[in-house]
1. Yes or no: A:GLU332 closer than 30 Å to B:MET234 by Cβ and within 14 Å of chain B (Cβ to nearest Cβ)?
2. So in region B:322-348, with the set limited to residues that are part of a loop (DSSP other than H, G, I, E, B) and of a type in the set (Lys, Arg), which one is least open to solvent (accessible area, probe 1.4 Å)?
3. Can you tell me which residue in region B:201-242 is farthest from B:PRO132 (Cα to Cα), limited to those that are part of a helix (DSSP H, G or I) and touching a Lys or Arg at 6+ places or on another chain (Cβ under 8 Å)?
4. Looking for whichever is touching a Leu at 6+ places or on another chain (Cβ under 9 Å) and either open to solvent by 10 Å² or more (accessible area, probe 1.4 Å) or hydroxyl-bearing (Ser, Thr, Tyr) (or both) here; the options are B:GLU296, B:GLU300, B:GLU311. Which one fits?
5. If you scan region B:36-51, which residues turn out to be in contact with a helix residue (DSSP H, G or I) (Cβ under 7 Å, 6 or more places away or on another chain) and open to solvent by 30 Å² or more (accessible area, probe 1.4 Å)?
6. When you scan region B:52-97, how many residues do you find that are facing another protein chain (nearest Cβ under 8 Å), polar (S, T, N, Q) and open to solvent by less than 30 Å² (accessible area, probe 1.4 Å)?
7. Can you tell me which condition A:LEU178 does not meet? The list is (1) open to solvent by 30 Å² or more (accessible area, probe 1.4 Å); (2) part of a strand (DSSP E or B); (3) touching a residue at least 40 places away in the same chain (Cβ under 8 Å), and all the others hold.
8. Of all residues in region A:189-227, which are within 24 Å of the chain's Cα centre (by Cα), within 14 Å of chain B (Cβ to nearest Cβ) and open to solvent by less than 40 Å² (accessible area, probe 1.4 Å)?
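The values are calculated or read from the model by the stated rules, or taken from the named source; none is laboratory data. Quick caveat: nothing in here was measured; it's all calculated off a predicted structure. Reconstructed Cβ throughout: ideal geometry from the backbone, glycine too, with neighbour counts over all protein chains shown. When the accessible area is computed, the model is the full protein with side chains, heavy atoms only, and any ligands, DNA or RNA have been set aside. Shrake-Rupley method; radii C 1.70, N 1.55, O 1.52, S 1.80 Å.
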Amino acid sequence: MTRSTISANFTTSLKEFKNQVDWVGLRFYSEKTNQHTIRNEHPESHSSKRDQGVMIEVMVDGHLGYAATSNLTPEGMKHAFNKAKELSTQASRVKAAEFTLDQRPSSRGNFQSPYLHRLSTLETAETVDILMKASKALKVSDKIVSREAYVMLTETEIQYLSSSGAEWSQNFDLVTTLFRATAEDDKDTQMRNMGNSIQAGAEVLRDPQLLDLCRLNGEEALELLAAPNCPTGTMDLLIAPDQMQLQIHESIGHPLELDRILGDERNFAGWSFIKPENFGHLQYGSHLLNVVFDPSEQGQFASYAFDDVGNPATREYLIKNGKLLRGLGGLESQKRLGIPGVANQRASSWNRAPIDRMANINVEPGTATLDEMIKSVKHGIVMKTNKSWSIDDYRNKFQFGCEYGQLIEDGEITQTVKNPNYRGRTLQFWNSLKAVGNAQTYENHGSPYCGKGEPSQIIRVAHSSPYCLFSNIEVFGGV
Amino acid sequence: MNQREVFNHVAEALFNELHQDEALTVDFRGEDTDYVRWNQSKVRQNTSVGQKEISLVFDKNGRRLNKSFSAQVDKEWDLVEARKLLVEAREEAPNLPQDPFLVPFVNNGTSEAHFEGKLLQGASLIEAISKPARDHDMAGLYAGGLIEMGNRNSKGQNHWFGNESFFMDYSLYNGERAVKAVYAGFQWKQHDFEDSLHESAMQLAVMNRPRKKLEPGKYRVYLAPAAVSELTTMFDWGGLSARAYKTGTCALKKLKDGERKFSSKFSMSENFHLGLTPRFNQLGELAPEKMTLIKEGQLEHLLVNSRSAKEYGLPNNHANEREVPRAMEIAPGTLKENEILKHLGTGLYLSNLHYLNWSDLQNARITGMTRYACLWVENGEVVAPIEDMRFDVSLYDILDEGLLEVTDFQRVDPSIATYMQRELGGKNLPGMLIKDFSFTL
């Protein structure tokens, strides 16, 4: 079915549906994803997926209900609309919340990801050739027993129309890379992963530094193989931006989601230790901690102009000078709780309803140089790159493991250690923040894999951060 | 034309258009599911999803590409799209290097299975759940509908599987105290659901007692089947994969190599007799109906798919692409249900675990949290619910000398996974009594 036929079907369907319910919205979603994996210089998989469908939202007696279909013919959409209308009419009699058109703004506009060269300019042959070279570059020794080079290239188009006049579209060009070196000898196995998820074009794979970085990745895997285990003890912890990503995500992002605070998520991912009355009062972290919801950062993986209900997205402080100011909740959660939130009601695709999701949640840079932070530590450790994550359903007690550790003794990095882990409690941890790196230490990291919701959804998130130094953290290693 | 007929029409048309040196597998996955999300026993969101996908796996001269698209279930539209992808695959294939570990398609036979259900629809769906739940604070998800899967290849293979089923995955709350249950099956029986709710409410009443705060340390624990199910999710992370073993990321490598062992009380198998999921994988290969993975503490078989079989010269047991268990069963033992508390004596009754991950993969060490109804027991009597605790344990400790007893009953834990699509499958698991379970925070 051509794109113009689909558009014509939407317009016709919207006219047909609009007088049968209090309000109706159509969210069309079309996504083309190409994935390639090379392992040990052999092709392992090449896949291309064209996923498209429409989510039909209806409002009946103050209740919002949904039906999604991959059948984009007028008959297919009519069938879905009738399903949405029927079930929503019944559900409206026992609805959990009452909504109005205030929760579905009549926004207009569009968004396009930044890029230098369109992803479509990357032919399969070029992509595979780059990944082959990367796989070879990872092999810095015969001890690198497994070398994986992976890329996921995604072009997404979202178009939204509603009976109240909303009409907007967004186009995303998304790149996820992963380069993995596994080193093994007769005693141990160690791994280093390098990669990122950003909004960009073909230029990411054509980066002239890529192969050098792959070689470094392989060398660090070898280094870990020869390294002693991370020691156990209470010490200062300097966290690199690629691990800060996970720390922010699990212990700031999720607990601040308003739908978790409202209990929607209790049966699945969990609740939150945060109460509505904490906003504006709780000292979440030390005065050095400044955290923003920023969908406007160019090229970050979860940047956008509108969330999936059409709420225009703006940069907002969640935590300023350590104090908790605002939660991560879209227009529906804001109405239910009566507190401000952000534009983050998002759906993973056409087949899921929008719920409160993280997007770009970033820690703002401070003033310390990396060297100054290391010099300030008498007994501590640097940790890079997450490899294990676990936190309780209220987002309090966490334990995270990293791939690569470096001991700091008397202000100097002395040796590399393997299997570094740390654990703690969220508020105590963030209040132990004693230095925040400056803009030179600031990095952007993204991930396509944040899971949440019933039915479940995997969505794109990103977290930029500088290096951050925490005091008196419980650290331990492997057996 | 129903979706099976459309799928057959598309597949046959494509097979007829193949060149002599080409081979093709065509796969179908369709779902019509009603999802209703509940909070405080009221409907938070209802979403009906009709999604269909057709996938092509194209082989030519040792090169393979996967192409898939969202189907309309219209024989003309879908064939047009499928043909476009076939042309694309044909053009792209010569640009790929040859894959030395590719296993050519063969005819793995024919199979057909359909499990008809009796599910809730429309008005009855909402009322059947909201009415008995109205006096409780319930959160959860109802998911029910038809799932169909088809798989054919140009060598003559032909499989079809249909399943009408549902689950109601819910938890009941008293403030922050909660109990969890799943009611699932092929036919909704109102009395069974109400009995499940009643039983959960009774369990919740126990949670009213003042909470006991535990200090970190080692405790004797009973893991109920749902907690064992969470523990076994870790086997999905490379634990039983031949490829993971060969690439150094298999957490049970030391078990496979005989350096460590589990207790002779521990046996695990893949058992497709459970009937929860089809035996055929993405390539239409049929796994054995039953295969022992771990027998009396010794690892007998890793899961091996065609690619690993060829790459590493291993016997193929037709595992799926990720080499994870699809129909896991752990053998029962001798501990009777009415003797669990007595045999636990003093320790923790853990109904559920949460958010597990490897803390030291090479030593099969796992961290995670207790969740829901976890209780402190003294001298065989339930004393109090506990404040949730973080644990950090090695499977080589808790499933070897630490494994004291296994229950003589098993519980089916149906898959409630709904990422991207509603998944089928499940596990059949007993409970386990374990000594020296280590809590850290």
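1. No.
2. B:ARG326
3. Per the criteria, the residue is B:ASP236.
4. The match here is B:GLU300.
5. Within region B:36-51, just B:LYS42 meets the criteria.
6. Going through region B:52-97 one residue at a time, the tally reaches 3.
7. (3)
8. A:ARG192, A:ASN193
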